[in-house]
1. Whether any residue in the range 100-115 is in the same structural domain as residue 20 (by TED's automatic domain parsing), without any contact (Cβ under 8 Å) to a residue 40 or more places away in the chain, surrounded by fewer than 18 Cβ atoms within 10 Å (Cβ to Cβ) and under 24 Å from residue 409 (Cβ atoms) is what I want to check.
2. Give me the residue from the range 132-157 that is β-branched (Val, Ile, Thr) and in contact (Cβ under 8 Å) with a residue 12 or more places away in the chain and, out of that set, nearest to residue 288 (Cα to Cα).
3. Would you check if residue 384 is in contact (Cβ under 8 Å) with a residue 60 or more places away in the chain, farther than 19 Å from residue 249 by Cα and buried (at least 24 other Cβ atoms within 10 Å of the Cβ)?
4. Considering only residues of the range 178-195 that are part of a helix (DSSP H, G or I) and of a type in the set (A, V, I, L, M), which is farthest from the chain's Cα centre (by Cα)?
5. Scanning for something more than 25 Å from residue 399 (Cα to Cα), out of contact with any His (no Cβ under 7 Å at 6 or more places or on another chain) and not assigned by TED's automatic domain parsing to the domain that holds residue 28, does the range 184-200 turn up at least one residue?
6. Given 579, 599, which one is over 30 Å from residue 433 (Cβ atoms), crowded, with 21+ Cβ neighbours inside 10 Å and either free of Cβ contacts under 8 Å to residues at least 24 places away in the same chain or not assigned by TED's automatic domain parsing to the domain that holds residue 435 (or both)?
7. Tell me, which strands (runs of 3 or more DSSP E) wholly within the range 410-491 include 2 or more residues that are touching a helix residue (DSSP H, G or I) at 6+ places or on another chain (Cβ under 9 Å) and at pLDDT 90 or above?
8. Need pairs with beta-carbon distance below 6 Å; first residue touching a residue at least 40 places away in the same chain (Cβ under 8 Å) and within the range 158-176, second surrounded by fewer than 22 Cβ atoms within 10 Å (Cβ to Cβ) and among the acidic types (Asp, Glu); sequence gap 6+ or separate chains.
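The values are calculated or read from the model by the stated rules, or taken from the named source; none is laboratory data. All figures in this text were calculated on a predicted structure; none of them were measured in a lab. Every residue, glycine as well, gets a Cβ built from its backbone with ideal geometry; the counts of neighbours run over all protein chains shown.
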Amino acid sequence: MPKLEQIRDMYNAASLRCDKRIIVCAGTGCIANGSLEVFDELKREILKRDLEVTVSLKSHGPEDNKRYDVYMIGSGCQGFCQVGPLVTIEPSGILYGHVKPEDASEIVEKSIVGDELVERLLYHDPVTDTTYKGQEEIPFYTKQQRTGLKDCGRVDPLNIGEYIAHGGYFSARDAYQNYSDVDLCNLFIESGLRGRGGGGFPTGVKWNFARLEKNGKKYVVCNGDEGDPGAFMDRSILEGNPHNVIEGMMIAARAIGADEGYVYVRMEYPLACSRIREAIKDAEEIGILGDNIFGSGKSFRIHVMEGAGAFVCGEETALLASIEGKRGMPTLKPPFPAQKGLFDKPTIINNVETLALVPVVMQKGAQGYRKVGTEKSPGTKTFALTGHVANTGLIEVPFGTTIREIVFEIGGGVLGNDGKVDNNAFKAIQIGGPSGGCLIDEHLDLPLDFDSLGSIGAMVGSGGMVVMNDSTCMVGVARFFLNFTQNESCGKCTFCRIGTRRMLEILTRITEGKGEPEDIQRLEDLANNTIKGSLCGLGKTAPNPVLTTLRYFKDEYLAHINDRRCPAGACTELLSYEIIPEKCVGCTACARRCPVPCITGSVREVHVIDQSRCIRCGACYDACTFGAIRKG
């Protein structure tokens with residue numbers, strides 16, 4: 001194989017022969033919004049002006065001596081999903097958002113042919129009334145510290161040459177040529193890198209367990225079975241920088257003595273699956289993967305396995321069962337997978353984000369890596385920020401960052417019911433997905449790390465973060481997440497199978513106005529017993545949303561039960577609509593929109609809603625422009 005330095009220098013030399021570079025976000029979110037059409041239209045507009053353009057969306061980059069006016073790539077997720085499709089222009093450092101194909105002509109004319117800005121496509125902060133040119137100015141980016149995501153959104157995920165030009169595979173070469181397995185495990189133990197899949201177990205310690213096993217065959221497994229509602233961190237890394245994950249797996253394999261690995265990705269991630277497969281193929285073609293890696297005499301090969309979408313397969317023993325062709329169900333531990341895992345061989349399992357950080361640790365060194373984050377949770381963590389927040393997207397911050405910084409600075413603030421920023425509307429934030437818990441305003445200054453969240457009944461989890469405003473019913477939130485985990489339970493444990501179902505039935509009764517005072521104690525008893533009696537993390541953490549909403553929003557539960565009222569006005573069965581006589585002008589708009597119909601009244605007369613027939617759909621409330629209908 002050619003030396004990494006040769007590939008790097010060849011790519012860098014080719015890049016210097018390109019005057020401008022256009023990066024169109026080709027992550028799943030932007031593709032869904034039409035970014036590939038934007039890419040094609042930009043290319044057409046460039047060619048119409050007789051400019052020389054090279055497109056490396058599916059190639060390894062320009063390798064001849066020809067000069068190009070424009071070098072175009074499709075990248076992975078650039079993070080700022082709220083304003084996608086995104087187009088970045090270098091070296092100008094311009095970021096355009098909400099780009100449509102019809103914008104291509106103006107972009108090319110002003111920012112490619114010329115050096116002007118298309119002002120209307122720049123990010124405009126609605127709160128500060130400030131317009132920003134690019135990532136180096138936009139608070140969403142400047143408040144982050146992108147480490148694992150450093151090259152996501154910057155490199156062509158299908159271009160191994162570009163990955164190498166950014167320093168890729170040099171750490172893997174170092175691991176195979178200059179480190180022993182003991183040295184590698186000690187380095188990662190010293191670094192304090194903890195698993196980013198939820199549990200936060202020390203990565204180096206896990207590797208060392210597998211290293212010590214006396215077995216000729218060992219495996220490395222990448223857990224890409226990301227199933228939390230609202231989470232898309234692992235998917236974005238696999239889509240945006242698959243070679244980073246491959247390099248992390250190679251280093252892990254060297255540390256434990258493995259010669260074979262699996263990337264387990266859910267089938268709902270077709271783009272991630274295709275890109276990791278393409279990256280593996282490219283790495284094999286130039287001799288990075290395969291036999292005699294970097295002249296070390298050691299081999300490593302990677303397979304891709306698509307899971308069928310079962311949430312429980314995120315649990316490591318269930319995942320291994322799925323790879324083996326069995327039903328994905330957890331097994332009792334010990335033995336742990338590091339002792340007896342895939343096909344009964346020692347196996348280490350790390351999630352995508354953890355593996356993406358492995359080369360970073362190699363580059364920075366143990367102490368260099370520890371300079372960021374907290375003492376017990378060093379480094380950074382990615383979060384998928386969604387919900388009632390101005391700036392949704394994929395973010396990465398050091399451990400120790402507060403919820404306040406994430407929601408109100410990076411996130412741009414909480415959205416009120418009118419869609420405008422109103423930070424007083426903040427009600428709660430769900431961290432850790434269905435396995436996590438709800439936190440409230442008293443936790444806004446809590447530093448985020450594994451231990452601080454665990455102390456209050458929440459968890460980092462895989463990194464889902466959902467912001468909720470005061471229009472959210474917290475009983476409904478608990479019911480939503482419990483409905484998810486109940487459906488995803490494999491059914492092996494009685495408490496998980498039946499306990500979650502009974503809790504869901506109680507929560508459903510409460511949201512329908514049929515709750516009883518005793519239901520509060522029933523929920524707490526069921527939750528605690530489900531935690532104690534479940535085998536795997538799904539059952540042990542499923543009650544977390546119930547327990548945290550009971551702890552911080554008990555008054556909402558009581559309002560549903562005692563007053564038959566939903567304070568947030570979100571539970572349909574508890575809503576009522578009433579026409580205010582002094583405000584009704586008899587326009588008949590409500591009666592015309594009512595699907596039942598249950599509203600009577602002539603033109604210019606006060607209308608009346610028949611409560612016995614009303615289905616509480618809210619059509620009348622939406623139709624009235626005089627504020628004459630009260631919802632309660």
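1. Scanning the range 100-115, I find no residue that is in the same structural domain as residue 20 (by TED's automatic domain parsing), without any contact (Cβ under 8 Å) to a residue 40 or more places away in the chain, surrounded by fewer than 18 Cβ atoms within 10 Å (Cβ to Cβ) and under 24 Å from residue 409 (Cβ atoms), so the answer is no.
2. Checked the range 132-157; the qualifying residue nearest to residue 288 (Cα to Cα) is 155.
3. Against the criterion (in contact (Cβ under 8 Å) with a residue 60 or more places away in the chain, farther than 19 Å from residue 249 by Cα and buried (at least 24 other Cβ atoms within 10 Å of the Cβ)), residue 384 qualifies.
4. Only one residue fits best here, namely 182.
5. Checking the range 184-200: not a single residue is more than 25 Å from residue 399 (Cα to Cα), out of contact with any His (no Cβ under 7 Å at 6 or more places or on another chain) and not assigned by TED's automatic domain parsing to the domain that holds residue 28.
6. 599
7. Passing ranges, in order: 426-431, 464-469.
8. Short answer, once both residue conditions are applied: 158/278; 160/282.
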